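> Mind having a look at this structure? Questions to follow.
The values are calculated or read from the model by the stated rules, or taken from the named source; none is laboratory data. The structure presented is a predicted model; accordingly, all values stated were derived computationally and were not measured. Note: ideal-geometry Cβ built from the backbone for every residue, glycine included; neighbour counts use all protein chains shown.
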Amino acid sequence: RCENCCDHCADAACIEQCVGTESCTLVADYAGVVTDASTGEPIANAAVTVNDVTAVTDADGHYAFRSARRRVCTALDYFFNVSVAAPGFAPLQQSFYRTPSSAVTNLDAELAPMNPAAFAIETALARTCRPSGIVAYAHISTEGGETSFMCRESAGHESAATVIRHPDAATAAAVFENAPGPEETFHGYRARFSESSEGGNRFFREHFLWLADCWTLTANSFDDTHFTYISPQPREIAEAIYSVALPTMLDQCN
């Protein structure tokens with residue numbers, strides 16, 4: 001709902017009269033329960049984020065909070081991004097558009113248990129993202145046998161990685177054979193490393209591909225400004241995977 005919004009509190013008046021003109025306070029109330037999609041059991045300590053406000057579920061999986069922002073209204077103020085995350089579960093993300101309302105918006109969520117290897121990979125990748133403490137954006141998504149990761153700093157430096165579980169070791173090896181760069185050994189497994197540049201103002205710093213039985217890890221670093229970057233470099237990402245996630249990954253190659 002809108003409070004003190006162009007002296008109008010009705011939804012229609014707020015949207016039609018307030019957008020782009022005067023400052024108003026946008027208030028939205030949310031509540032719901034987060035459960036395990038496979039068992040229906042509640043999930044405690046799940047983080048539910050709507051735009052820039054986060055709540056944590058209690059022992060019964062419940063959460064409730066209010067989001068309030070005072071600013072000059074734009075149409076995007078009625079567009080909400082929601083994410084739900086809990087250790088051991090695949091994160092859930094969705095977006096929706098709603099008009100201000102005095103009613104509480106009910107947002108229930110079901111999270112699917114994450115594959116043990118995917119959870120280990122996510123843990124490893126998360127540890128590599130903030131070594132400098134100034135990272136502006138980080139995102140990890142897991143779907144099927146693939147885990148992707150992006151870590152971006154405010155200066156325009158970016159690292160990205162994709163870890164894929166292939167049907168078998170032969171399929172993974174075929175991906176490796178077609179990759180650029182000379183072959184080397186990385187912790188007893190085959191790897192390729194290369195440096196190159198791409199067109200425009202986007203500089204492709206490093207590319208690292210690592211083959212470990214039925215898994216391949218592709219890690220890249222980019223620099224839009226051609227200056228020294230601080231984001232995790234491909235070898236750092238691979239080291240994190242090796243030290244945290246590799247045993248769990250290899251167990252799934254049989």
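> If I ask for residues that are touching a strand residue (DSSP E or B) at 6+ places or on another chain (Cβ under 6 Å), under 23 Å from Ala118 (Cα atoms), not in a helix (DSSP H, G or I) and not charged (D, E, K, R), which ones from the stretch 165-192 would you list?
Within the stretch 165-192, Phe186, Tyr189, Ala191 qualify.
> Hey, could you check the stretch 196-218 for residues that are modelled with pLDDT of 85 or more and not in a strand (DSSP E or B) and say which is surrounded by the fewest Cβ atoms within 10 Å (Cβ to Cβ)?
At the first step, the residues of the stretch 196-218 found to be modelled with pLDDT of 85 or more are 207-218.
In the following step, the residues that additionally are not in a strand (DSSP E or B) were identified as 213-214.
On the way: Asp213: 18, Cys214: 21.
Per the stated criteria, the residue is Asp213.
> Right, something else. How many of the residues making up the stretch 103-121 are among the β-branched types (Val, Ile, Thr) and modelled with pLDDT of 65 or more?
Residues that pass the stated criteria total 2.
> Exactly one of (1) under 26 Å from the mean Cα position of the chain (by Cα); (2) among the aromatic types (Phe, Trp, Tyr); (3) surrounded by fewer than 19 Cβ atoms within 10 Å (Cβ to Cβ); (4) at pLDDT 90 or above is unmet by Tyr189. Its number?
(1)
> Going by what's in this entry, would Asn45 be described as more than 25 Å from Ala240 (Cα to Cα), at pLDDT 90 or above, of a type outside the set (Asp, Glu) and loosely packed, with under 15 Cβ neighbours inside 10 Å? Lay out the reasoning, then the answer.
On the way: more than 25 Å from Ala240 (Cα to Cα): yes; at pLDDT 90 or above: yes; of a type outside the set (Asp, Glu): yes; loosely packed, with under 15 Cβ neighbours inside 10 Å: yes.
So Asn45 passes the test.
> Yes or no: the stretch 122-135 includes at least one residue that is modelled with pLDDT of 85 or more and either assigned to a helix (DSSP H, G or I) or surrounded by fewer than 19 Cβ atoms within 10 Å (Cβ to Cβ) (or both).
Initially, the stretch 122-135 is screened for residues modelled with pLDDT of 85 or more, giving none.
No - not one qualifying residue is present in the stretch 122-135.
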